[in-house]
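The values are calculated or read from the model by the stated rules, or taken from the named source; none is laboratory data. The model shown is predicted, which means the values in this text are computed figures rather than measured ones. Note that we place each Cβ from the backbone using ideal geometry, even for glycine, and neighbour counts take in every protein chain shown. Please note that ligands, DNA and RNA were not included when accessible areas were found on the heavy atoms of the full protein model with its side chains. Shrake-Rupley method; radii C 1.70, N 1.55, O 1.52, S 1.80 Å.
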Amino acid sequence: MRLLLVEDDDRVAAALVAVLSRHGFQVRHARSGHEALDALVPDGSEPYRVVLLDLGLPDRDGFEVCSRIRAGSGVPVIMVTARADIRSRIHGLNLGADDYITKPYDMGELLARIHAVARRFQPPAASPAGGSPEAPGTPDPLESWGIRIDRERRRVEVGGRDVPLTRKEFDLLALLAQSPGVVYRREQIFSEVWRSGWEGNGRTLEVHIGSLRTKLALPGLVEAVRGVGYRLIPQSPQRPGGEPAGPAS
């Protein structure tokens, strides 16, 4: 998942970039409002899924930057600022910010908020050369693994074969597949899939992950990140000769 960080303090930005990168985000750091707006001009690259916007920028106020972003894009904006007064919070939300978090903040909460606003945003599909965007509702491919997830019909195929999953297994796979490579925290997974808290339910998640690996016959697809959670590996291992490894027989 690509993320744009707008922060003029290089020390704060470096710490954030390090943490976000460990959680699978591809982060671009913009040090000014002008640089942020320039980064959001479409150039054919994968669109940003979230903008983390500081308000105290050297060239223009963050409120103005948010207003200009919202005038031309639906990308979610989270204001991350030391301004804790209620007037600033209301003003930012009225300008179109999707969330507002004040410094200092808990990193786990920030990560949860990033995932929350990203889930609500469907970036415009990139158009193939000479073609039109993919029609909405078509299955989502994880091409190198041979996986297709049809969220509307709640069906999963691996290498052309149907894989019957339980409701929770499908919801778990669909959540992780929203952003391959991004680490989903255990707390977030339980909140989204089970609609309950994580405490005391660790074994339930492990069992469902194990069942998912077995049914998909792709043991390397879901990776456990010790002490954090799980993620999907975006690229499948390559067999000798450069061919992707297919489902286990």
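Sequence-ordered 3J(HN,Hα) estimates for the stretch 173-180 from the Karplus curve with 6.51, -1.76 and 1.60 and θ = phi - 60° stand at 5, 4, 5, 5, 6, 4, 9, x Hz, glycine and proline given as x.
The residues of the stretch 1-85 have, on average, 44 Å² of accessible surface per residue, using a 1.4 Å probe with all protein chains present. Between Arg155 and Ser191, what FRET efficiency follows from the Cβ-Cβ distance if R0 is 41 Å, with the result rounded to 0.05? Result of the calculation: an efficiency of 0.95. In a fully extended conformation the segment linking Arg68 and Thr204 would gain 44.4 nm over its present Cα-Cα distance, using 0.36 nm per residue. The apolar share of the surface of the stretch 9-61, taken as the fraction of accessible area on carbon and sulfur atoms (1.4 Å probe, ligands and nucleic acids excluded), comes to 51 percent. When the alpha carbon gyration tensor of the stretch 9-118 is reduced to an equivalent ellipsoid, the three semi-axes, largest first, read 18, 18, 14 Å.
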